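One structure is given below, encoded as structure tokens.
Bear in mind that the values in this text are calculations on the coordinates, not laboratory data. Quick caveat: nothing in here was measured; it's all calculated off a predicted structure. All Cβ positions, glycine included, derive from the backbone under ideal geometry; neighbour counts span all protein chains shown.
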Amino acid sequence: MKRKIKNMYVCTLLLVLLSCGSGGSKSGGSSTSPTPSRPKPSTPPTPLIPSEPIIGNNDVYYDNAIVIREKYFQYLPENPNRINNSITSDAVKKIPSTAGTPITKQDYEVSAGVPMSRKIFVHNSGTAQQVTDFSSDLADSNSYRAAIGAELMDEYIARVNSYVGDNLYIWPAGDAKGNKNPSLQGGLPYFENSLEKSWINVVALANKPGTTGLEWKNLEPLSNAGVAKSWTITAVSENGTSAKAAENVATVAGQLYEKFPGMKMEMIRQIILSTATDIGATGTDDIFGTGLLNGAKALGGPVYINDKIFVPAFTTWEFSNYIRGGRLEKEGAGKLILKGDAGFYSWQNTEINGGILDIRGRHSSGIKIGSTGTLITNSNTKIGKDVINKGMLKNVGKGAIIEGNYTAEYGSVTEAEIGTKLIVKGTVKIDGRERNQTLGSTLRVLNNNYITAVPTTATVIEAEKGIEGKFEKVETDELINGKVENTENSIKATISRKNVEDYVNNLSDSDEMQKNTAKNVEVSFKELDKKIEEGNADVSKFALSAAKLQKNSLSSSSSSLDSLSGQIYASAQALTFQQSQTVNKDLSNRLVMLGTLDNVGDKFGLWISGIGASGKLKQDGYAEGKTKVYGGQVGIDKKFGENLILGTVLSYSKGNVKFNRHGGKSNSDNFGISLYGRAGNNDNPLYVQGRIGIGFVNSEVKRDIILSANDISRAKIEHNDKVISGYLETGYDVKKGDFVFTPFVGISHDTVQRGAFNEESSQFGLKADKKTYNQTSGLAGIRASQSFNFKNGSKATVQGYVTHQRALNNEDLSFEASYSGLPNAKFKVKGIRLSKNQTWVGAGVLNEVTPNFAWYLNYDGKIDKKARNNVFTTGVRVNF
């Protein structure tokens, strides 16, 4: 009989210990409603009990009084409160700001009459008397209100109970070892209960007299928690004062403020108190309150929730602690991640009324997803009861389990990735019909891997007790075909990729550049499909990038299609031709000047000119580029006989073009040398003039390659080009006095050899061998000039001209290339083509100041649908 009684006693004791738990499991003294009675289910379900820390093992004792009761808590003298002191917050405010001065209402104000809000007030002192030494009788001279001060007392009550206040008040309990209760300030909710939700009283663990080093055995508490135990936490004090212990608690509160943006101070307080490590007597006790501050655990979030959690928009909170008991209502548009297990009451559903709840572990209760809510399940997710979806469920893990039923209600979306499988132990119920003009439930099938043109089928939902109904609508990524079919116990999805070229061609407002890009992408995708079917692992990186592109929208407004075009490498060659034309025009004007000058120098002539040009490259269906060219030339020439002048010139020009529609920009440096000559002078009406030259171009191209909003790479390459140019012109000067009219014809030729390049920064960067372009043009024009002779001996000549030029061959600047990640898939990259016809108009003035010095100014403009160019040149000539 005694043995039975002993066994019963042991069992009862164990049950009491388990039910008490630790100080870390408490809600910090907040008033909570009684635990609701649990309705008895008709069929008892298999309980889902998340794992939790083991309490009571490896207790640490000192004098049989101070005990640490948490198996996994490691007490470290160098970091006794487990605080990372490198993290601070501007939300923490010391009150009073000057130690030793009385606290006033103004200490809590931003400015006169404007109170601070969302602050953590840490105080450095309190009354020497204990809170119990004061009277609750307001008529008594020793009343708590008289000791605090009426104005300050009213301020505390008003601010704590104000909706916009949201402050936290942290107080030191006091430094007297014999006191069983804290100071009046730390224990103020003892008299004013409404203050408790914003109040923390801090007991200090300090070194005993004659000891140092904060070893556990050397610590003892100062003023105790006493009547304030429900809102008291204990912290180790490095300097032996409770004010320092309070500062340590405020540091953790500030870190929570920073880690969980927008979190209410009341919840920060609850986290600090509830994550405390139980020390002293089991549970909340009269000496240490809720336990010893555990900063590291506090940053893992709450260990108990029985309220609404509001996460602001554009904000993510991650709770990693094991959560025991209570109920969760997720509010707000932000995201809440439950990284640890959550043992909520299984008879009360978790509700997602807004934003995202991301469950990474076990979750004992059922879940209701509201119309604006989203539930994310992962590989280790295990939900203990039913899930009812009126919003969105995203399954992104392989092996997520719902122990109960899953119901997809009208208007809901169930999102599943190929390769994952949501396992439902009960029944899947789908409301897929239309009712009251509300669309039935939708299944959205996604994939993070590349999808080939060959259909792939996979199970996305498995239900052990069957499936009722079907999804009304099936959605996939824009470039993916998808269909769904139900079997008795599973929902299978079949997906394949669309033909990119056909897809873009069928868009109502796609243009030529986008269609060319889509054609090139399709060429590459077909080659990728082939490689994957052959089991070629070398294409894995390209396949990963291709998968990102498949998930993106390739509508006509898509930046991806524009950025993948690579048109800059074709279109920018037009800038190289334009640079050559700019140099040609300047040199042509100098040759005309030689025929106008009265004196070209007995020995030789030296001239210097500066060039500035701006223009556009454009063609319907392609990105438009704005061009700029700056440069100059230095030439020297000599007269041979009466009618022949020969010379040489060095030229340098810097050009750049910037394309819209994510086309990129190109900068080029062109250094060249030319030989030129003219037969015929101002006394000989028939003339022939021309040049031949070679230029060396270094081109730098920068552009973005956009596969998705989160995958943008910058391509930056250089290629070295070569330009060979020739120009020949003949004309006849018809003179009448100082007026000259000149019809002329000519021929020009440019050869541009673009160097090879490889954009290795992206799998979809372009790779191309060198390419040579040629353009030969015939031209005809008229030129008119009028000279003016001045009394001082100077002479000014004003001239103008019109030239029409027609190319004798078609050069579209396209070239063969491939994406760097799949070099065997060749395709043609197209861009703005060179103009077949172009017209130049120009005007200039030459001023011969003396027989040996002249200056000049010219403007040349190109009229062209595809390329506009305005060239300004100015310079001087000196004869020797």
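The alpha carbons of the chain occupy a box of 139, 76, 51 Å along the principal axes, longest dimension given first.
Computed over the alpha carbons of the stretch 709-798, Rg followed by Dmax gives 24.6, 73 Å. The angle between the Cα long axis of helix 540-551 and the main principal axis of the chain comes to about 80°, on a 0 to 90 degree scale. Give the percent of DSSP beta bridges with both residues in the chain that are antiparallel, rounded to the nearest 5. So the antiparallel bridges amount to about 70 percent of the total. Only helices enter this figure: runs of n ≥ 4 DSSP H residues, each worth -39500 (n - 2.57), summed and divided by the residues of the chain, yield -5000 deg cm²/dmol at 222 nm to the nearest 500.
Looking at the stretch 215-275, which GluC sites (Glu not before Pro) are DSSP coil and have at most 11 other C-beta atoms within 10 Å of their C-beta? Of the GluC sites (Glu not before Pro), not one in the loops of the stretch 215-275 has a Cβ with at most 11 other Cβ atoms within 10 Å. Residues in the stretch 855-871 carry Karplus couplings, in order, of 10, 8, 8, 9, 10, 10, x, 9, 9, 7, 5, 9, 8, 9, 8, 10, 10 Hz; the curve used is 6.51 cos²θ - 1.76 cosθ + 1.60 with θ = phi - 60°, and Gly or Pro positions show x. Annotation: for a label point projected 7 angstrom from Cα along Cα→Cβ of residue 180, no residues of the stretch 195-220 have a backbone N closer than 15 Å. Each residue in 538, 358 was given a count of other beta-carbon atoms within 10 angstrom of its own, and listing them fewest first yields 538, 358. Between the amide H of residue 402 and those of 383, 423, 424, 425, distances stay under 5 Å, these residues lying 5 or more places away or on another chain, with hydrogens modeled in the peptide plane. Close amide H contacts of residue 341 (hydrogens built in the peptide plane, cut-off under 5 Å, sequence separation of 5 or more or a different chain): 323, 362.
So how tilted is helix 573-596 from the main axis of the chain? Cα-based, degrees 0 to 90, rounded to 10. For helix 573-596, the angle is close to 30 degrees. Distance from the C-alpha centroid of the stretch 80-138 to that of the stretch 163-208: 10 Å, rounded to the whole angstrom. Evaluating 6.51 cos²θ - 1.76 cosθ + 1.60 at θ = phi - 60° for every residue in the stretch 711-727, the Karplus couplings come out as 10, 10, 10, 9, 8, 9, 9, 10, 9, 9, 10, 9, 10, 10, 10, x, 8 Hz, glycine and proline recorded as x. A simple count of charges around residue 372, restricted to other residues whose Cβ falls under 15 Å of its Cβ and scoring Lys, Arg +1 and Asp, Glu -1, yields +2. Seen against the Cα atoms of the chain and their longest principal axis, helix 512-533 is set at about 60 degrees. Using the Karplus equation 6.51 cos²θ - 1.76 cosθ + 1.60 (θ = phi - 60°), what ³J(HN,Hα) coupling, rounded to whole Hz, does each residue of the stretch 188-202 give in order, writing x for Gly and Pro? Result, ordered by residue: 4, x, 4, 9, 10, 4, 5, 7, 4, 5, 10, 10, 9, 9, 10 Hz. Scanning residues 5 or more positions from residue 643 or on other chains, none has an amide H under 5 Å from its amide H, with H placed 1.01 Å from N in the peptide plane.
Expressed as a whole percent, the proportion of Cα-Cα pairs in the stretch 59-301 lying more than 22 Å apart is 49%. For the pair residue 704 and residue 316, the difference between a 0.36 nm per residue extended length and the Cα-Cα distance amounts to 136.7 nm. With both labels modelled 7 Å from their Cα along Cα-to-Cβ, the residue 824 to residue 478 distance reads 3.1 nm. Placing dummy labels 7 Å off each Cα toward the beta-carbon, the span from residue 519 to residue 694 is 3.7 nm. What translational diffusion coefficient, to the nearest whole µm²/s, does the stretch 191-241 have by Stokes-Einstein, given a Kirkwood radius computed over alpha-carbon pairs, a temperature of 37 °C and 0.692 mPa s viscosity? For the chosen part, D equals 273 µm²/s.
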